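Structure first, commentary second.
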């Protein structure tokens with residue numbers, strides 16, 4: 001696997017941080033329910049080392065995965081970190097002992113979260129920190145995020161954070177944050193069937209800002225899976241590889257962070273960068289979202 005096959009490169013705006021467009025999401029390195037240690041700690045370390053050996057230099061994580069577990073595994077596997085590795089983390093949630101996901105959005109919560117990430121990753125400063133808005137389920141939560149973004153901007157001025165991103169946000173929240181600080185990336189729920197952010201992706205592309213879809217493989221019903229599977233069968237690849245390749249084709253500012261705890265699955269995900277989709281195939285895949293909209297109504 002050469003770095004050239006990982007979807008090409010992207011440089012976060014206003015930074016010297018250049019990453020391969022296929023990265024790695026570390027959430028699945030924790031135990032079941034993103035809680036506690038993994039069943040196979042050695043396997044988790046092996047996946048991270050394999051990803052970096054394959055050319056991946058963008059790892060997405062959070063200290064509330066585990067909690068603390070995922071970052072500690074990243075440190076164990078990769079520290080001292082290779083030059084050019086960009087670790088992106090997120091704030092805005094905590095995991096109490098009942099294993100629920102709760103908002104952690106006060107200035108004290110956010111500041112403590114930065115220090116937790118620094119300590120567990122073994123870093124002096126965090127490359128990129130996303131403020132994650134906690135909606136109900138995985139839905140969006142309307143409302144101002146000015147207080148939280150201002151706290152992160154202050155932490156950036158103090159040198160603890162180098163760059164700021166947003167996660168699970170509305171178009172209005174992106175615009176509000178940009179009046180306070182530079183935003184280098186947005187992470188939202190987006191995939192072949194979930195395309196509510198199409199206009200936002202295009203606007204961010206005009207500004208050179210990264211769009212990082214979470215749940216890049218989620219949300220397929222059997223109807224949509226049929227289209228996906230038929231395309232994959234024709235191309236001789238897996239449906240997952242087609243879904244990831246479609247995201248890479250969607251826009252040059254789209255960065256992927258598929259997660260897995262399996263080396264074999266990791267290799268399958270990374271190989272999506274070598275899948276070429278013709279205009280006709282893209283049109284066929286684009287029909288999945290249209291069919292989903294019809295079903296929702």
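So that you can scan it fast, the table gives a plain yes or no per residue for (1) out of contact with any helix residue (DSSP H, G or I) (no Cβ under 6 Å at 6 or more places or on another chain); (2) buried (at least 19 other Cβ atoms within 10 Å of the Cβ); (3) under 26 Å from residue 200 (Cα atoms); (4) free of Cβ contacts under 8 Å to residues at least 12 places away in the same chain:
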position: 118; (1), (2), (3), (4): yes, no, no, no
position: 127; (1), (2), (3), (4): yes, yes, yes, no
position: 160; (1), (2), (3), (4): no, yes, no, no
position: 170; (1), (2), (3), (4): yes, yes, yes, no
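Name the residues in the range 240-274 that are without any contact (Cβ under 8 Å) to a residue 60 or more places away in the chain and surrounded by fewer than 20 Cβ atoms within 10 Å (Cβ to Cβ), would you? Hits for the range 240-274 are 240, 249, 251, 264, 265, 268.
Out of the residues in the range 173-183 meeting the condition of being free of Cβ contacts under 8 Å to residues at least 60 places away in the same chain and more than 17 Å from residue 92 (Cβ to Cβ), tell me which one is surrounded by the fewest Cβ atoms within 10 Å (Cβ to Cβ).
Residues of the range 173-183 that are free of Cβ contacts under 8 Å to residues at least 60 places away in the same chain, as a first pass: 173-181, 183.
Within this subset, residues satisfying the condition of being more than 17 Å from residue 92 (Cβ to Cβ) are 175, 178-179.
Numbers: 175: 12, 178: 14, 179: 8.
Step by step, filter the range 173-183, then rank; the result is 179.
Number of residues in the range 17-59 that are at positive phi and either in contact with a strand residue (DSSP E or B) (Cβ under 9 Å, 6 or more places away or on another chain) or part of a loop (DSSP other than H, G, I, E, B) (or both): the value is 3.
Among the residues of the range 218-237, just one is part of a loop (DSSP other than H, G, I, E, B), at pLDDT 95 or above and buried (at least 16 other Cβ atoms within 10 Å of the Cβ), namely 237. With respect to the conditions (1) at pLDDT 95 or above; (2) in contact with a strand residue (DSSP E or B) (Cβ under 7 Å, 6 or more places away or on another chain), residue 277 lacks only one, and its number is (2).
Matching residues to (1) surrounded by 17 or more Cβ atoms within 10 Å (Cβ to Cβ); (2) out of contact with any helix residue (DSSP H, G or I) (no Cβ under 6 Å at 6 or more places or on another chain); (3) farther than 24 Å from residue 174 by Cβ:
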site	(1), (2), (3)
55	no, no, yes
61	yes, no, no
86	yes, yes, no
97	no, yes, yes
105	yes, no, no
122	no, no, yes
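Determine whether residue 99 is under 27 Å from residue 140 (Cα atoms) and at pLDDT 95 or above. Lay out the reasoning, then the answer.
Details: under 27 Å from residue 140 (Cα atoms): yes; at pLDDT 95 or above: yes.
Spelling it out, residue 99 is indeed under 27 Å from residue 140 (Cα atoms) and at pLDDT 95 or above.
Looking at the range 72-80, can you tell me whether even one residue there is modelled with pLDDT of 95 or more, closer than 20 Å to residue 114 by Cα, buried (at least 18 other Cβ atoms within 10 Å of the Cβ) and touching a strand residue (DSSP E or B) at 6+ places or on another chain (Cβ under 6 Å)? No, the range 72-80 has no match at all. Among residues that are within 17 Å of residue 265 (Cα to Cα) and either assigned to a loop (DSSP other than H, G, I, E, B) or in contact with a strand residue (DSSP E or B) (Cβ under 7 Å, 6 or more places away or on another chain) (or both), residue 14 is not included. Within the range 184-217, if we keep just the residues that are part of a loop (DSSP other than H, G, I, E, B) and without any contact (Cβ under 8 Å) to a residue 60 or more places away in the chain, the residue that is nearest to the chain's Cα centre (by Cα) turns out to be 216.
All but one of (1) under 18 Å from the mean Cα position of the chain (by Cα); (2) more than 26 Å from residue 36 (Cβ to Cβ); (3) assigned to a loop (DSSP other than H, G, I, E, B) hold for residue 63; which doesn't? So the condition that residue 63 fails would be (2).
Go through the range 144-158 and give me each residue that's in contact with a helix residue (DSSP H, G or I) (Cβ under 8 Å, 6 or more places away or on another chain) and surrounded by fewer than 19 Cβ atoms within 10 Å (Cβ to Cβ).
144, 146, 147
The values are calculated or read from the model by the stated rules, or taken from the named source; none is laboratory data. On a predicted model such as this, the values are computed, not experimentally measured, just so you know. Neighbour counts are summed over all protein chains in view; Cβ atoms, including those assigned to glycine, are modelled from backbone coordinates with ideal geometry.
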